[in-house]
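Okay, structure first, notes after.
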Amino acid sequence: MLAVHFGAGNIGRGFIGQLLHKAGYEICFVDVNEEIINELNEKKSYAVMLADRTQEKIKITNVRGINSLKDPLEVAKVIAQADIVTTAVGPSILPKIAKLIADGLVERAKNSDKALNIIACENMIGGSTFLREEVYLNMTLSQKKKTEQSVSFPDAAVDRIVPIQSHEDKLLVAVEPFYEWVIDQSNMIGEVPTIDGVTYVEDLLPYIERKLFTVNTGHAATAYLGNFYGYKTIKEAISDENIRSIVNSILDETGKLLVKKYNFDLEQHNAYIKKIIGRFDNEYISDELSRVARSPIRKLGANDRFIKPARELINFGITPNYLVKAIAVALFYKNNDDHEAVELQSFLQEHTVEELLVKYSELSDFIGLINLIVDEFNQLEKDLLVH
């Protein structure tokens with residue numbers, strides 16, 4: 001069995017690659033990082049290390065790589081032969097790999113009508129659906145119709161903390177022991193692959209939003225609060241009792257929303273929140289705040305981890321006081337190496353917070369929420385002046 005995986009970075013190797021290997025797949029990684037691709041082709045294996053007291057190393061074998069910049073035709077060939085295609089490249093890169101996938105599917109259709117599932121394992125809602133639309137933009141109508149008969153793009157929700165890291169062994173990747181990979185089975189085609197560690201569900205949205213509004217909301221809030229109070233890592237930030245208390249309150253708010261929307265069991269969801277905050281507290285992971293806080297414009301988007309639950313809580317008649325704190329504190333994030341952070345701060349130099357929230361968070365219909373965020377922002381600004 002052949003799995004083609006786009007993205008040979010830490011998440012690709014340390015999460016998706018590990019589970020595909022365990023399921024018995026040969027894995028062909030596709031990436032533009034020449035050093036990593038060369039190492040994969042030379043060593044044919046790599047190690048995943050668990051970031052816990054055991055420091056257990058798991059050997060991943062039967063792997064190879066293709067540099068998609070140098071050899072796009074080879075990428076098309078492996079897609080034509082693949083039993084499954086997955087991605088972990090980041091939402092902004094999906095349009096850039098769409099043509100490679102389209103070319104591979106056109107090549108595949110010449111000789112095979114074997115079913116293929118293409119699964120985007122990204123930190124976004126509807127990643128595979130988005131990828132499908134981008135792929136079809138690179139096809140003629142007849143090619144698209146032919147492809148649709150045997151190819152599907154089931155959405156997925158993925159969760160594993162894989163911090164930025166550096167090792168002498170370029171392929172070694174350290175990951176937290178916890179992981180979750182949930183796939184929408186209702187949109188799969190052909191035989192459902194047996195992958196130990198994957199949960200197949202008929203309705204993915206509750207799991208996507210549970211993860212987005214708990215893990216992503218909590219993680220990003222910890223990062224922006226930690227940055228505001230002068231910390232450098234997630235572990236340092238969550239160890240601050242004030243920050244931990246605020247993050248708990250934020251997740252209590254999003255928990256109320258999730259229980260109302262999807263009838264999650266409150267007791268079980270509170271246990272889930274406790275587990276998530278415990279993951280942020282992992283002493284074996286040194287996760288830089290700059291990694292978790294990066295791309296603040298995306299994180300402040302209308303359908304992302306802060307604004308969407310805040311809007312929906314207001315629609316339920318609940319004031320999201322602590323989510324408001326997270327949104328306001330995110331507006332103080334500065335990082336000259338992050339183009340979104342630079343753009344956000346540049347916009348704030350020339351415009352009001354209200355204008356920023358209308359432009360980037362699409363909150364023009366939520367004036368009450370805007371006013372709450374502006375008040376919180378002004379209070380934080382005063383706190384900075386005092387200190």
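A short reminder: the numbers here are calculations on the coordinates, not readings from a lab. As the structure is a computational prediction, the values presented were derived from the model and not from experiment. Every residue, glycine as well, gets a Cβ built from its backbone with ideal geometry; the counts of neighbours run over all protein chains shown.
Quick look at the numbers
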item	result
Normalised contact order of region 141-198, rounded percent, pairs of Cα under 8 Å and 6 or more residues apart	39 percent
Table column - 3J(HN,Hα) (Hz), region 333-344, Karplus curve with 6.51, -1.76, 1.60, x for Gly and Pro	6, 10, 7, 5, 8, 10, 5, 5, 5, 5, 4, 5
With Cα atoms, 0 to 90° folded angle of helix 34-43 axis to the chain main axis	50 degrees
Spin-label pair residue 62/residue 270, simplified geometry with 7 Å Cα→Cβ offset, distance in nm	4.6 nm
Calculated from backbone phi, Karplus (6.51, -1.76, 1.60) coupling profile of region 264-278 in Hz, x at Gly/Pro	4, 5, 4, 5, 5, 5, 5, 5, 4, 4, 4, 5, 5, 5, x
Length-normalised contact order of region 11-144 in % [C-alpha pairs under 8 Å, at least 6 apart]	21 percent
Answer label for Kirkwood radius over Cα pairs in Å (calculated), chosen among [x] 22.0; [y] 22.8; [z] 20.8	[x]
Under 5 Å, built H, 5+ apart or other chain: amide partners of residue 174	49
Helix axis angle, 127-136 relative to the chain longest principal axis, alpha carbon, degrees	50 degrees
MRE, 222 nm, helices only [DSSP H, n ≥ 4, -39500 (n - 2.57), over the chain, to nearest 500]	-15000 deg cm²/dmol
Relative contact order (%) - criterion: Cα under 8 Å, at least six apart; region: the chain	12 percent
Positive-end residue of 91, 247, 348, charge dipole of the chain with Cβ unit charges	91
Amide H within-cut-off set for residue 119, under 5 Å, with H built and near neighbours excluded	85, 86, 87
Loop-located trypsin sites (Lys or Arg not before Pro) in region 320-375, at most 15 other Cβ atoms within 10 Å (DSSP)	334
At q = 0.11, 0.12, 0.14, 0.19 Å⁻¹, base-10 log of I(q)/I(0) for region 206-386 (Debye sum, equal scatterers on each alpha carbon)	-0.43, -0.52, -0.72, -1.34
Antiparallel bridges, percent of DSSP beta bridges restricted to the chain (to nearest 5)	30 percent
Derived scalar couplings ³J(HN,Hα) [region 361-371; Karplus, 6.51 cos²θ - 1.76 cosθ + 1.60; whole Hz; x for Gly, Pro]	10, 6, 9, 4, 8, 10, 4, x, 5, 4, 4
